[in-house]
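The values are calculated or read from the model by the stated rules, or taken from the named source; none is laboratory data. None of these values were measured; they are calculated from a predicted model. So basically every Cβ, Gly included, is an ideal-geometry build from the backbone, and we count neighbours across all protein chains shown.
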Amino acid sequence: MASGTKKSPNPLTARSGPARGTVIGIVAVVLFAGLVGFGVYQAQKPADVVVPPNATAAGVPVGNPAAKATIDIYQDFQCPACKQFEDMSGQTVDQLVAGRQAKVVYHPVAILDRTSPDRYSSRSSAASACAAADNVFPQYLKLLYANQPTEGDPGLTPEQLTSLGQQAGAGPGFAECVSSDRYAGWTASLTDQASKDGLAATPTVKVNGQQVQNPTPDALRAAVSAAQA
């Protein structure tokens, strides 16, 4: 799948940097792959679901549970537009969480396995669940995007996924968790539920259930401020 070949008629603001204006165009391409990917995933969904520690059946919560604003981020670690969102707005999300203005729930769905020769979307999502179990999910997320493979090429190997977990501060059981694909059922269930909830593209960002159509840093701050009012 070729990503980012069509520019959006409403590009991100110039302050976001030259590459960031392609985010919405890439999302439009990911939309088609996502629709197909969801159908494939529903057919292959494992029956057993083990929810990782520090996560829920719906995702990985981070931040003050009492915060009035909840940011839901639906992402696929193979998705180029998701990396661009993280590069553009990840620091803003971190600041909102650190300032106790919002909590975030990460939903690492797997909708791009069909574009990967080795199910990298699923494998990286399951590995991120291992990171959640070791309470290093945010750190691991950033490392996954910093080392994101080219879409359509083989993904990171289990050994590489494990090495990134060690860099993030994961414990000694992380390697076995990744190699056994322990949380594959959680990934599948998460993806299936996102499909039932109407998700069709990644990244999708919501604040208190309302989608932020163009999730620039300013748009996220404005949405969180409105949710706190």
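Structure values in brief
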quantity: Filter result for the condition that a residue is more than 15 Å from the chain's Cα centre (by Cα) and in a helix (DSSP H, G or I), over Val97, Val93; calculated: Val97
quantity: Qualifying residue in region 149-158 (condition: touching a residue at least 24 places away in the same chain (Cβ under 8 Å) and small (Gly, Ala, Ser)); calculated: yes
quantity: Total residues in region 187-229, condition on the phi > 0 side of the Ramachandran plot and either basic (Lys, Arg) or in a helix (DSSP H, G or I) (or both); calculated: 0
quantity: Failed item in (1) farther than 20 Å from Pro172 by Cβ; (2) touching a helix residue (DSSP H, G or I) at 6+ places or on another chain (Cβ under 8 Å); (3) of a type in the set (A, V, I, L, M); (4) surrounded by fewer than 24 Cβ atoms within 10 Å (Cβ to Cβ), with Ile111 passing the rest; calculated: (4)
quantity: Only listed residue being in contact with a Phe, Trp or Tyr (Cβ under 8 Å, 6 or more places away or on another chain), touching a residue at least 24 places away in the same chain (Cβ under 8 Å) and within 27 Å of Ala98 (Cα to Cα), chosen from Asp134, Asp192, Asp218; calculated: Asp134
quantity: Failed item in (1) of a type outside the set (D, E, K, R); (2) within 18 Å of Val93 (Cβ to Cβ); (3) part of a helix (DSSP H, G or I); (4) free of Cβ contacts under 8 Å to residues at least 40 places away in the same chain, with Gly165 passing the rest; calculated: (2)
quantity: Criterion (among the hydrophobic types (A, V, I, L, M, F, W, C) and surrounded by 21 or more Cβ atoms within 10 Å (Cβ to Cβ)) met by exactly one of Val205, Val212; calculated: Val205
quantity: Criterion violated by Asn64 - all others in (1) in contact with a helix residue (DSSP H, G or I) (Cβ under 6 Å, 6 or more places away or on another chain); (2) of a type outside the set (Val, Ile, Thr); (3) in a loop (DSSP other than H, G, I, E, B); (4) farther than 25 Å from Pro154 by Cα satisfied; calculated: (1)
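For (1) in contact with a Lys or Arg (Cβ under 6 Å, 6 or more places away or on another chain); (2) at pLDDT below 95; (3) closer than 11 Å to Cys130 by Cβ, each residue gets a yes or a no:
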{"residue": "Ser163", "(1), (2), (3)": "no, no, no"}
{"residue": "Gly173", "(1), (2), (3)": "no, no, yes"}
{"residue": "Arg182", "(1), (2), (3)": "no, no, yes"}
{"residue": "Asn214", "(1), (2), (3)": "no, yes, no"}
